[in-house]
């Protein structure tokens, strides 16, 4: 009897140790708990918004995240992914043709008909400077042409689970390029798997030598948060057409966590950046970002020559941002 009791005890002890080891392993591998901030303290002006913990793949804040809306140049992240998926030579020169002229919105471009750049530079300008003609040229030189490129974009969207997304053109100028904040969070995370997309969307400024003229042109990133250099940004893309309002998507690191921020349909020149700063402050402190007082004009001094002026944008070019 005593031996049987000892055997039973040892068996139970073995099971307990196994269960403890399995539980301990699971808890060690689990992602840290999500922030439990009061969402009422985050007051965003964008019509649709999503703040997603990328590590846990769980939303922290959502506002109209499943509303289908035009996405403007945020489209170019998908264009870049399918172009890179095609595996064409990145150093191959491609040109700006008549098919790359914007007849939808009439936007301006500093890339002229006949200009040539390596595919990698067209990709960089499409992503960092939201150059519509560069994005169109990438799609036009895609295997099978622009129509095949757009078909590939829609296929990839479905493969990523973006079930409320549809693309009609590679630039985002078409208002029928639509998605949701939830779908775009998937696209942002997928785009972060591409080294060039991470690099090019977070490049503050860049010069290119356009052929055949050899003319040197400078371009700036359309996201002022990238240009300022105060954020830890992994992927960034802006967008604007009248139907979409101002849009901004980013994968960033805040409070030592990877966070996806999607802001759609923001009206006002600074609204999307203001909302992004509100998100960052709320995640870091749990509080509402205080309203800053405007600096009186009389005390504001403009220092010349401290920052390089790379490019200026006319009012006609704003639909690409």
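Annotations
- Segment residue 148-residue 168, extension gain: residue separation times 0.36 nm, minus the distance between their alpha carbons: 6.1 nm
- On the principal axes of its alpha carbon atoms, the range 92-209 extends 38, 29, 25 Å, with the longest extent given first.
- With R₀ set to 25 Å, the beta-carbon distance separating residue 38 from residue 243 gives a calculated FRET efficiency near 0.15.
Any read-out appearing in this document is the output of simple, stated calculations on the displayed coordinates, not a laboratory observation. Note that the structure is a prediction, hence the values are computed from the model and not measured. No Cβ is skipped: glycine too gets one built from the backbone with ideal geometry, and neighbour counts run over all protein chains shown.
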